[in-house]
Amino acid sequence: MSASRPRVGARRLVLVDVHARSASEALAAGELAAEHAMRSKQPHAVVLEWPEEAVVYGLYEAVSGRDDTAVYRRITGGRKAFMAPGMAYAAAALPWRKSLEGLASVALGIASCAGGVYGVTVLGETGYMEVLGARSVEEARQCLLEVLGVGKTVKMHVPRASLVELATLFESQQWREYSYHRGDAEAERRREGGYWVRVSIETTDGYVTGYWLTGVFFSAPPTEVYNVLNGLRGTRFHELMLYNVELAVEKRIQFLGITGEDFMSVIRELYEAVGVRYYSV
(Lines give C-alpha, C1' and ligand atoms only; values in the text may rest on other atoms or scores of the structure.)
Protein backbone atom coordinates (compact mmCIF):
# COMPACT_ATOMS: atom_id res chain seq x y z
CA MET A 1 0.00 0.00 0.00
CA SER A 2 1.33 3.37 -1.04
CA ALA A 3 2.54 5.89 1.54
CA SER A 4 1.56 8.76 -0.76
CA ARG A 5 -2.15 8.64 0.03
CA PRO A 6 -3.68 11.60 1.94
CA ARG A 7 -3.29 11.24 5.68
CA VAL A 8 -5.91 12.71 7.98
CA GLY A 9 -3.94 12.31 11.18
CA ALA A 10 -6.73 10.75 13.28
CA ARG A 11 -4.34 9.54 15.98
CA ARG A 12 -7.14 7.89 17.97
CA LEU A 13 -10.06 6.26 16.23
CA VAL A 14 -13.14 4.68 17.83
CA LEU A 15 -14.20 1.55 15.95
CA VAL A 16 -17.88 0.74 16.36
CA ASP A 17 -18.23 -3.01 16.80
CA VAL A 18 -21.47 -4.25 15.20
CA HIS A 19 -22.73 -7.19 13.18
CA ALA A 20 -25.14 -6.29 10.39
CA ARG A 21 -27.81 -8.86 9.48
CA SER A 22 -29.19 -6.80 6.59
CA ALA A 23 -28.11 -4.06 4.20
CA SER A 24 -30.21 -1.54 6.11
CA GLU A 25 -28.40 -2.44 9.33
CA ALA A 26 -25.02 -2.01 7.59
CA LEU A 27 -25.96 1.48 6.43
CA ALA A 28 -27.39 2.28 9.86
CA ALA A 29 -24.11 1.22 11.48
CA GLY A 30 -22.31 3.93 9.52
CA GLU A 31 -24.81 6.54 10.60
CA LEU A 32 -24.51 5.39 14.23
CA ALA A 33 -20.77 5.96 13.99
CA ALA A 34 -21.47 9.45 12.65
CA GLU A 35 -23.91 10.22 15.48
CA HIS A 36 -21.36 9.21 18.12
CA ALA A 37 -18.64 11.22 16.38
CA MET A 38 -20.83 14.34 16.35
CA ARG A 39 -21.58 14.00 20.06
CA SER A 40 -18.08 13.14 21.25
CA LYS A 41 -16.04 15.19 18.72
CA GLN A 42 -13.88 12.08 18.27
CA PRO A 43 -13.35 10.26 14.94
CA HIS A 44 -15.48 7.11 14.69
CA ALA A 45 -15.55 4.38 12.06
CA VAL A 46 -17.18 1.07 11.30
CA VAL A 47 -15.95 -1.75 9.05
CA LEU A 48 -18.16 -4.79 8.53
CA GLU A 49 -19.01 -7.61 6.15
CA TRP A 50 -21.86 -6.79 3.78
CA PRO A 51 -24.69 -9.31 4.36
CA GLU A 52 -26.74 -9.48 1.13
CA GLU A 53 -26.87 -8.89 -2.61
CA ALA A 54 -28.06 -5.36 -3.29
CA VAL A 55 -27.69 -2.22 -5.36
CA VAL A 56 -26.96 0.77 -3.12
CA TYR A 57 -27.73 4.10 -4.75
CA GLY A 58 -26.17 7.41 -3.85
CA LEU A 59 -28.51 9.92 -2.25
CA TYR A 60 -29.39 11.84 -5.42
CA GLU A 61 -29.71 9.22 -8.16
CA ALA A 62 -33.22 7.97 -8.90
CA VAL A 63 -33.78 4.22 -9.19
CA SER A 64 -33.80 2.90 -12.76
CA GLY A 65 -33.64 -0.46 -14.53
CA ARG A 66 -35.13 -2.50 -11.70
CA ASP A 67 -34.67 -6.26 -11.54
CA ASP A 68 -34.99 -8.72 -8.66
CA THR A 69 -31.97 -7.30 -6.80
CA ALA A 70 -32.79 -5.46 -3.57
CA VAL A 71 -32.39 -1.68 -3.72
CA TYR A 72 -31.08 0.51 -0.92
CA ARG A 73 -30.03 4.14 -0.61
CA ARG A 74 -27.29 5.73 1.47
CA ILE A 75 -26.96 9.28 2.84
CA THR A 76 -23.86 10.14 0.80
CA GLY A 77 -23.72 10.97 -2.89
CA GLY A 78 -21.74 9.32 -5.66
CA ARG A 79 -22.16 6.31 -7.89
CA LYS A 80 -24.35 3.33 -7.08
CA ALA A 81 -22.58 0.27 -5.69
CA PHE A 82 -23.33 -3.31 -6.67
CA MET A 83 -22.90 -5.27 -3.46
CA ALA A 84 -22.64 -8.98 -2.72
CA PRO A 85 -22.23 -10.99 0.51
CA GLY A 86 -18.60 -11.09 1.61
CA MET A 87 -17.75 -7.62 0.34
CA ALA A 88 -16.94 -4.99 2.95
CA TYR A 89 -18.64 -1.76 3.97
CA ALA A 90 -16.64 0.95 5.72
CA ALA A 91 -17.72 4.33 7.04
CA ALA A 92 -15.81 7.02 8.89
CA ALA A 93 -16.96 10.22 10.59
CA LEU A 94 -14.34 12.92 11.14
CA PRO A 95 -15.27 15.93 13.30
CA TRP A 96 -14.30 19.36 11.92
CA ARG A 97 -13.56 17.96 8.46
CA LYS A 98 -16.02 20.05 6.46
CA SER A 99 -14.45 20.27 2.99
CA LEU A 100 -16.11 17.93 0.48
CA GLU A 101 -13.00 18.01 -1.69
CA GLY A 102 -10.77 17.02 1.21
CA LEU A 103 -13.14 14.26 2.30
CA ALA A 104 -13.36 12.90 -1.24
CA SER A 105 -9.57 12.76 -1.43
CA VAL A 106 -9.47 10.64 1.73
CA ALA A 107 -12.37 8.41 0.66
CA LEU A 108 -10.82 7.90 -2.76
CA GLY A 109 -7.60 6.85 -1.06
CA ILE A 110 -9.44 4.19 0.92
CA ALA A 111 -11.47 3.00 -2.09
CA SER A 112 -8.36 2.86 -4.31
CA CYS A 113 -6.57 0.80 -1.68
CA ALA A 114 -9.36 -1.62 -0.74
CA GLY A 115 -11.61 -1.44 -3.81
CA GLY A 116 -15.16 -0.16 -3.97
CA VAL A 117 -17.32 2.91 -4.53
CA TYR A 118 -17.19 5.89 -2.20
CA GLY A 119 -19.57 8.60 -1.04
CA VAL A 120 -18.99 11.73 1.04
CA THR A 121 -21.00 14.48 2.72
CA VAL A 122 -20.91 16.70 5.81
CA LEU A 123 -23.22 16.29 8.80
CA GLY A 124 -23.14 19.48 10.84
CA GLU A 125 -19.47 19.99 11.72
CA THR A 126 -18.52 16.39 10.90
CA GLY A 127 -17.26 14.99 7.61
CA TYR A 128 -18.75 11.62 6.71
CA MET A 129 -17.57 9.07 4.15
CA GLU A 130 -18.67 5.62 3.07
CA VAL A 131 -16.81 3.01 1.01
CA LEU A 132 -18.95 0.17 -0.37
CA GLY A 133 -17.70 -2.97 -2.08
CA ALA A 134 -14.21 -3.30 -0.64
CA ARG A 135 -12.64 -6.69 -1.33
CA SER A 136 -12.58 -7.85 2.29
CA VAL A 137 -13.18 -6.56 5.79
CA GLU A 138 -9.54 -6.97 6.76
CA GLU A 139 -8.29 -5.10 3.71
CA ALA A 140 -10.84 -2.33 4.19
CA ARG A 141 -9.81 -1.94 7.83
CA GLN A 142 -6.10 -1.82 7.02
CA CYS A 143 -6.61 0.70 4.24
CA LEU A 144 -8.85 2.90 6.39
CA LEU A 145 -6.34 2.98 9.25
CA GLU A 146 -3.43 3.71 6.92
CA VAL A 147 -5.14 6.49 4.99
CA LEU A 148 -6.48 8.10 8.17
CA GLY A 149 -3.03 7.88 9.79
CA VAL A 150 -4.43 6.21 12.89
CA GLY A 151 -2.05 5.55 15.78
CA LYS A 152 -4.51 3.93 18.18
CA THR A 153 -7.96 2.35 17.97
CA VAL A 154 -10.49 1.58 20.67
CA LYS A 155 -13.63 -0.52 20.27
CA MET A 156 -17.10 0.63 21.16
CA HIS A 157 -20.11 -1.67 21.40
CA VAL A 158 -23.56 -0.27 20.67
CA PRO A 159 -26.89 -1.76 21.75
CA ARG A 160 -28.45 -3.85 19.02
CA ALA A 161 -31.77 -2.09 19.63
CA SER A 162 -30.19 1.21 18.53
CA LEU A 163 -28.97 -0.37 15.29
CA VAL A 164 -32.33 -1.98 14.51
CA GLU A 165 -34.25 1.22 15.24
CA LEU A 166 -32.06 3.30 12.93
CA ALA A 167 -32.14 0.61 10.23
CA THR A 168 -35.90 1.10 9.79
CA LEU A 169 -35.19 4.52 8.28
CA PHE A 170 -33.20 2.86 5.49
CA GLU A 171 -35.92 0.28 4.81
CA SER A 172 -38.85 2.48 3.83
CA GLN A 173 -39.89 2.11 0.21
CA GLN A 174 -40.14 5.87 -0.27
CA TRP A 175 -36.50 6.28 0.79
CA ARG A 176 -35.08 3.29 -1.10
CA GLU A 177 -36.99 3.49 -4.37
CA TYR A 178 -37.17 7.19 -5.16
CA SER A 179 -38.00 7.55 -8.87
CA TYR A 180 -37.62 10.43 -11.32
CA HIS A 181 -40.48 12.01 -13.25
CA ARG A 182 -40.28 14.36 -16.20
CA GLY A 183 -42.48 17.40 -15.58
CA ASP A 184 -43.27 20.39 -17.80
CA ALA A 185 -39.60 21.23 -18.27
CA GLU A 186 -36.30 19.44 -17.75
CA ALA A 187 -32.63 20.46 -17.74
CA GLU A 188 -29.37 18.58 -17.29
CA ARG A 189 -25.64 19.23 -16.95
CA ARG A 190 -22.84 16.66 -17.21
CA ARG A 191 -19.20 16.70 -16.16
CA GLU A 192 -16.21 14.47 -16.87
CA GLY A 193 -15.89 11.43 -14.67
CA GLY A 194 -19.52 10.39 -14.99
CA TYR A 195 -20.96 13.14 -12.78
CA TRP A 196 -24.26 14.75 -13.73
CA VAL A 197 -27.42 16.41 -12.46
CA ARG A 198 -30.93 16.55 -13.94
CA VAL A 199 -33.93 18.44 -12.59
CA SER A 200 -37.49 18.58 -13.88
CA ILE A 201 -40.23 20.90 -12.72
CA GLU A 202 -44.00 20.89 -12.91
CA THR A 203 -46.06 24.09 -12.86
CA THR A 204 -49.75 25.00 -12.83
CA ASP A 205 -50.74 28.58 -13.75
CA GLY A 206 -47.19 29.70 -13.03
CA TYR A 207 -47.02 28.01 -9.61
CA VAL A 208 -44.51 25.25 -8.93
CA THR A 209 -46.45 22.11 -8.03
CA GLY A 210 -43.64 19.55 -8.17
CA TYR A 211 -39.96 18.93 -8.86
CA TRP A 212 -37.74 15.88 -9.36
CA LEU A 213 -33.97 15.63 -9.10
CA THR A 214 -31.56 12.90 -10.08
CA GLY A 215 -27.85 12.67 -10.67
CA VAL A 216 -24.45 11.42 -9.60
CA PHE A 217 -22.59 14.00 -7.55
CA PHE A 218 -21.68 14.89 -3.96
CA SER A 219 -23.33 17.59 -1.87
CA ALA A 220 -23.30 18.92 1.68
CA PRO A 221 -25.30 19.20 3.84
CA PRO A 222 -26.73 16.02 2.32
CA THR A 223 -30.37 17.07 1.90
CA GLU A 224 -29.92 20.84 1.56
CA VAL A 225 -30.34 20.74 -2.22
CA TYR A 226 -33.81 19.26 -1.65
CA ASN A 227 -34.59 21.94 0.95
CA VAL A 228 -33.71 24.64 -1.58
CA LEU A 229 -35.93 23.11 -4.25
CA ASN A 230 -38.73 22.64 -1.72
CA GLY A 231 -38.66 26.40 -1.27
CA LEU A 232 -40.03 26.74 -4.80
CA ARG A 233 -43.01 24.46 -4.24
CA GLY A 234 -46.28 26.35 -4.04
CA THR A 235 -44.75 29.63 -5.26
CA ARG A 236 -44.81 31.52 -8.54
CA PHE A 237 -41.48 30.85 -10.25
CA HIS A 238 -40.42 34.47 -10.82
CA GLU A 239 -37.10 36.33 -10.74
CA LEU A 240 -37.11 36.83 -6.98
CA MET A 241 -37.46 33.08 -6.40
CA LEU A 242 -34.66 32.46 -8.89
CA TYR A 243 -32.47 34.90 -6.94
CA ASN A 244 -33.36 33.18 -3.64
CA VAL A 245 -32.27 29.81 -5.03
CA GLU A 246 -29.02 31.30 -6.32
CA LEU A 247 -28.27 32.88 -2.94
CA ALA A 248 -29.06 29.65 -1.08
CA VAL A 249 -26.83 27.60 -3.38
CA GLU A 250 -23.98 30.07 -2.94
CA LYS A 251 -24.25 30.37 0.84
CA ARG A 252 -25.53 27.00 2.02
CA ILE A 253 -24.42 24.15 -0.27
CA GLN A 254 -21.12 22.53 -1.22
CA PHE A 255 -21.05 20.57 -4.47
CA LEU A 256 -18.44 18.19 -5.81
CA GLY A 257 -18.51 16.28 -9.09
CA ILE A 258 -20.74 19.06 -10.40
CA THR A 259 -20.41 22.73 -9.43
CA GLY A 260 -22.82 25.20 -7.92
CA GLU A 261 -22.85 26.98 -11.27
CA ASP A 262 -23.82 23.71 -12.99
CA PHE A 263 -26.78 23.40 -10.65
CA MET A 264 -27.80 27.04 -11.08
CA SER A 265 -27.56 26.82 -14.86
CA VAL A 266 -30.09 23.95 -14.67
CA ILE A 267 -32.43 26.08 -12.55
CA ARG A 268 -32.04 29.07 -14.89
CA GLU A 269 -32.87 26.89 -17.88
CA LEU A 270 -36.03 25.71 -16.14
CA TYR A 271 -36.93 29.31 -15.34
CA GLU A 272 -36.52 30.26 -18.99
CA ALA A 273 -38.84 27.41 -19.94
CA VAL A 274 -41.67 27.79 -17.42
CA GLY A 275 -40.91 30.75 -15.14
CA VAL A 276 -43.03 33.87 -14.75
CA ARG A 277 -41.37 36.95 -16.28
CA TYR A 278 -42.77 39.49 -13.85
CA TYR A 279 -43.17 39.88 -10.14
CA SER A 280 -45.87 41.89 -8.39
CA VAL A 281 -46.95 42.25 -4.77
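Remark: accessible surface ordering of Asp205, Asp68, Asp184, Asp262 (largest first) is Asp68, Asp205, Asp184, Asp262, probe radius 1.4 Å. What would the Debye equation give as log₁₀ I(q)/I(0) for the chain at q = 0.11, 0.17 Å⁻¹, counting only Cα atoms as equal point scatterers? Taken in order of the listed q values, log10 I(q)/I(0) reads -0.64, -1.29. I'd like the accessible area for Ser99, computed on protein heavy atoms only with a 1.4 Å probe and all protein chains in place. Round to 10 Å², please. Ignoring ligands and nucleic acids, Ser99 comes out at about 60 Å². Once the C-beta distance of Ser40 and Arg268 is scaled by a Förster radius of 41 Å, the resulting FRET efficiency is 0.45 to the nearest 0.05. Sorted largest first, the principal axis extents computed over the alpha-carbon atoms of the range 53-135 equal 40, 26, 15 Å. Taking Leu169, Leu240 and ordering them by how much accessible surface each has at a 1.4 Å probe, largest first, produces Leu169, Leu240. Average projection, convex hull of the Cα set of the range 164-217: 5.4 square nanometres. Among the listed pairs Lys80/Lys251; Lys41/Lys152; Lys41/Lys98; Lys98/Lys152, which are separated by more than 25 Å between their Cα atoms? Exceeds cut-off: Lys80/Lys251.
For the range 59-201, dividing the convex hull volume of the Cα atoms by the residue count gives 152 Å³ per residue. Computed with a 1.4 Å probe over protein heavy atoms only, the accessible area of Arg97 comes to about 110 Å². The residues Tyr57, Tyr195, Tyr178, sorted by heavy-atom accessible surface at 1.4 Å with ligands and nucleic acids left out, run Tyr178, Tyr195, Tyr57 from largest to smallest.
Stretching His19 away from Ala62 to a fully extended chain increases their span by 12.6 nm, per 0.36 nm per residue minus the current alpha-carbon distance.
In terms of the mean number of neighbouring beta-carbon atoms within 10 Å, the peptides 170-177, 121-128 order highest first as 121-128, 170-177. Using the alpha carbons alone, the radius of gyration of the range 1-141 stands to its Kirkwood radius in an Rg to Rh ratio of 0.94.
When all protein chains stay in place, what accessible area (Å², nearest 10, 1.4 Å probe) is found for Thr153? About 60 Å², ignoring ligands and nucleic acids.
The values are calculated or read from the model by the stated rules, or taken from the named source; none is laboratory data. Bear in mind that the values here come from a model prediction, so they are computed numbers and not experimental data. No Cβ is skipped: glycine too gets one built from the backbone with ideal geometry, and neighbour counts run over all protein chains shown. Side chains included, ligands, DNA and RNA excluded: accessible areas come from the protein's heavy atoms. Shrake-Rupley method; radii C 1.70, N 1.55, O 1.52, S 1.80 Å.
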